[in-house]
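Here the structure is laid out as structure tokens; the discussion comes afterwards.
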Amino acid sequence: KTFRNHNKRINIPYIGTPGVPFYSYQGEIRFKELGSDTLFAVFEEELIPYAVLSLGKKKMNLDIPVNPGMSDNPLEQEGKIWVRDVFEDVDNIYIGFMKHDFHNMLFGYYNKQSNGVKVIGEDGFQNNIDGGLPFFPKFVYDDNILVSWVTAFDLREHVLNGNVSEKRRLYGQKYDDLVKLANSLDDQSNPVVVIVKK
């Protein structure tokens, strides 16, 4: 089965389809077409709009030459973003945004109750559980388990070189447990899997 693109392309060549355009949720396939604000549910005979990940004036026009430097007016894209990756759980759709320079990411989410998109920044969610690294899921397991991973080097650097007394005051035993974990790792202990259960 094939489906017609919703976006008519003008420039050839144009940007390809990086990121994760498909994922499954509760037995259904979701599809995010490059350049579209709409997330679709894929059925045997049709695509059904599922959620609108509206970026408003922040939405980048992806119908531009492959090399952004070739654009007639590259400044018109500055500060703009586009949806690269999407993952979903019961409450939210987690979004990885690519910035206009095609090198740096921002992270955010779409809240299913409010139907709004919120950009949270380059690092993801602040870890207010044990003082560890910021977190953003790389995929969602079983609808409510968020999974990511970090390098042992980054985790050790963050945990062992921070303000220990302040982190111990804020997070107590959970921070001490994280310090023990960090001390048990070496630079080859990769990846360190991070799991957040909602």
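Looking at residue 75, is it modelled with pLDDT under 90 and part of a helix (DSSP H, G or I)? Judged against the criteria, residue 75 is a match. Within region 36-51, the only residue that satisfies the criterion of being under 10 Å from residue 6 (Cβ atoms) and of a type in the set (Val, Ile, Thr) is 38. Within region 126-143, being open to solvent by less than 80 Å² (accessible area, probe 1.4 Å) and either of a type outside the set (D, E, K, R) or touching a Gly at 6+ places or on another chain (Cβ under 6 Å) (or both) holds for 127, 131, 132, 133, 134, 135, 136, 137, 140.
Every residue, every condition in (1) exposed (fewer than 15 other Cβ atoms within 10 Å of the Cβ); (2) modelled with pLDDT under 85, yes or no:
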site	(1), (2)
11	yes, yes
30	no, no
43	yes, no
55	no, no
71	yes, yes
85	no, no
97	no, no
104	yes, yes
113	yes, no
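Pairs linking a residue in region 114-125 that is under 20 Å from residue 38 (Cα atoms) to a residue that is open to solvent by 70 Å² or more (accessible area, probe 1.4 Å) and at pLDDT below 90, with Cβ atoms under 8 Å and 6 or more positions apart or on different chains, are 119/58.
Could you list all residues from region 155-174 that are surrounded by 13 or more Cβ atoms within 10 Å (Cβ to Cβ) and charged (D, E, K, R)? Passing the criteria: 156, 157, 167, 168, 174.
Restricting region 130-145 to residues that are in contact (Cβ under 8 Å) with a residue 60 or more places away in the chain and touching a helix residue (DSSP H, G or I) at 6+ places or on another chain (Cβ under 9 Å), which is farthest from residue 94 (Cα to Cα)? Among residues in region 130-145 that are in contact (Cβ under 8 Å) with a residue 60 or more places away in the chain and touching a helix residue (DSSP H, G or I) at 6+ places or on another chain (Cβ under 9 Å), the one farthest from residue 94 (Cα to Cα) is 132. The criterion of being of a type in the set (Asp, Glu) and surrounded by 15 or more Cβ atoms within 10 Å (Cβ to Cβ) does not hold for residue 177. Checked against (1) touching a strand residue (DSSP E or B) at 6+ places or on another chain (Cβ under 9 Å); (2) among the small types (Gly, Ala, Ser); (3) surrounded by fewer than 20 Cβ atoms within 10 Å (Cβ to Cβ), residue 108 passes all but condition (3).
The residues on offer are 196, 159, 147, 117, and the sole one that is in contact with a Pro (Cβ under 7 Å, 6 or more places away or on another chain) and not hydroxyl-bearing (Ser, Thr, Tyr) is 147. In this entry, residue 39 passes the filter for residues that are surrounded by 13 or more Cβ atoms within 10 Å (Cβ to Cβ), at pLDDT 80 or above and more than 16 Å from residue 138 (Cα to Cα).
The values are calculated or read from the model by the stated rules, or taken from the named source; none is laboratory data. Just so you know, these numbers come straight off a predicted model, no measurement behind them. No Cβ is skipped: glycine too gets one built from the backbone with ideal geometry, and neighbour counts run over all protein chains shown. Heads up: the accessible areas ignore ligands, DNA and RNA and are worked out on the full protein's heavy atoms, side chains in. Shrake-Rupley method; radii C 1.70, N 1.55, O 1.52, S 1.80 Å.
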